[in-house]
């Protein structure tokens with residue numbers, strides 16, 4: 001029995017060491033989202049995984065309803081949210097989940113904000129990375145995350161007809 005317990009302990013220690021190595025190898029970044037008047041509405045933590053990036057989204061104080069949720073091509077939210085540029089394309093792609101030749105790397109599903117205005121979700125994006133040559137979020141001008149006032153229709157060019165820019169956050173390491 002003592003030998004069996006020793007083997008289990010070694011196995012547990014090996015698993016813990018593997019998790020520690022994976023956790024320390026995973027790169028993380030954050031975007032703090034604010035409205036145009038400077039109000040905090042939440043954060044997005046981005047963690048690079050072997051096959052994409054996991055976005056952990058925690059929001060509060062947003063209007064209820066469907067909102068476009070995208071990564072934009074420039075890491076700037078000021079002087080106005082237009083400084084973030086268009087959607088992060090990550091190559092020669094069109095906008096939209098429903099479009100042949102799409103989607104942009106920064107196109108993600110709409111978020112559904114409940115009446116409380118608070119939302120916590122996870123989204124996994126396989127089209128982006130932190131350092132890949134084509135899909136790098138941390139290129140020379142960086143990237144930002146934007147929430148739009150309306151829903152993305154997943155097909156209108158060039159950006160899904162999702163309405164005005166409601167909140168913005170620069171992605172930082």
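Is one or more of the residues making up the range 103-110 outside any loop (DSSP other than H, G, I, E, B) and either in contact with a helix residue (DSSP H, G or I) (Cβ under 7 Å, 6 or more places away or on another chain) or at pLDDT 90 or above (or both)?
Among the residues of the range 103-110, at least one is outside any loop (DSSP other than H, G, I, E, B) and either in contact with a helix residue (DSSP H, G or I) (Cβ under 7 Å, 6 or more places away or on another chain) or at pLDDT 90 or above (or both), which makes the answer yes.
Would you pick out the residues in the range 53-77 that are surrounded by fewer than 21 Cβ atoms within 10 Å (Cβ to Cβ) and within 26 Å of residue 118 (Cβ to Cβ)?
Matches in the range 53-77: 54, 56, 58, 60, 61, 63, 64, 65, 66.
Return yes when residue 120 is at pLDDT 85 or above, under 20 Å from residue 32 (Cα atoms) and either over 13 Å from the mean Cα position of the chain (by Cα) or part of a loop (DSSP other than H, G, I, E, B) (or both) and no when it is not.
no
Consider residue 86 carefully, then state whether it is farther than 26 Å from residue 28 by Cβ and touching a residue at least 60 places away in the same chain (Cβ under 8 Å).
Details: farther than 26 Å from residue 28 by Cβ: no; touching a residue at least 60 places away in the same chain (Cβ under 8 Å): yes.
Here the answer is no, as residue 86 does not meet what is asked.
Looking at residue 141 and the list (1) in a loop (DSSP other than H, G, I, E, B); (2) without any contact (Cβ under 8 Å) to a residue 60 or more places away in the chain; (3) exposed (fewer than 15 other Cβ atoms within 10 Å of the Cβ), which single condition is not satisfied?
(2)
The values are calculated or read from the model by the stated rules, or taken from the named source; none is laboratory data. Treat the numbers as computed from the prediction; the structure is a model and nothing was measured. Note that we place each Cβ from the backbone using ideal geometry, even for glycine, and neighbour counts take in every protein chain shown.
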